Amino acid sequence: MKPVNEMKIQFVSRSANEGFARVAVAAFFAQLDPTVDEMADIKTAISEAVTNCIVHAYKNELGAVYLTAKIYEDRRVVVTVRDKGCGIEDIGKAMEPMYTTCDTGERAGLGFAVMESFMDKLKVRSKVGKGTTVTLTKYLSSREQDNG
């Protein structure tokens, strides 16, 4: 199924751009009139995915973060966050709660768990030295029953 609407943005992996990504995706999906909870879920998952690029993919360097958001007829929204950073050696291990590659003690290792809990589907693809792609999918509820 082809998307009915789509947007793409690219930005530098600076922590200030995490908020930009969250708001940009929220503004794009606002056309579907999602519930407050649905929007909060999406924004939280986007925040985690982009933060992973900033903190883990590029470590102490700057790199590009590529974000695509798509809307489908069935009210499914799909966001892809991609980097060309260091990649993930063991995706299964990286997705375990409390696992982190951060050695400063500043990270809890809950990013993927948070993404998974707020979205309906999470897919992670990665190649060491090539980068990582995180695909987040959420099915938005129909708002028609609220209008009657």
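The values are calculated or read from the model by the stated rules, or taken from the named source; none is laboratory data. Fair warning: this is a prediction, and the values are worked out from it, not measured in the lab. In this analysis, Cβ positions are derived from the backbone assuming ideal geometry, glycine residues included, and neighbour counts consider all displayed protein chains. For the accessible areas, the whole protein counts, side chains as well, though only heavy atoms, and no ligand, DNA or RNA atoms are used. Shrake-Rupley method; radii C 1.70, N 1.55, O 1.52, S 1.80 Å.
What to note about this one:
- Considering only the Cα atoms of the stretch 5-139, their convex hull presents on average a projected area of 7.6 nm².
- Label positions at Arg75 and Val128, each projected 7 Å from the Cα along the C-beta direction, are separated by 4.4 nm.
- The string of couplings for the stretch 79-85 from the Karplus curve (6.51, -1.76, 1.60, θ = phi - 60°) is 10, 10, 10, 10, 9, 10, x Hz, one whole number per residue in order, with x for Gly and Pro.
- Heavy-atom surface analysis with a 1.4 Å probe gives the stretch 5-139 a carbon and sulfur content of 49 percent of its accessible area.
- Interatomic Cα distance distribution for the stretch 1-44, bins of 5 angstrom, percent: 5, 18, 28, 22, 17, 8, 1
- Amide hydrogen neighbours beyond the local backbone of Asp120, cut-off 5 Å, H modeled: Thr137, Lys138, Tyr139
- Relative to the Cα centre, the charge distribution of the stretch 5-139, modelled as +1 at Lys and Arg Cβ and -1 at Asp and Glu Cβ, gives a dipole magnitude of about 480 debye.
- 3J(HN,Hα) couplings calculated from phi for the stretch 23-40 with the Karplus curve 6.51 cos²θ - 1.76 cosθ + 1.60 (θ = phi - 60°) are, in sequence order, 5, 4, 5, 4, 5, 5, 7, 4, 4, 8, 6, x, 5, 4, 5, 4, 5, 4 Hz; Gly and Pro show x.
- The label point for Tyr139 and the one for Asn5, both projected 7 Å from the Cα toward the Cβ, are 2.1 nm apart.
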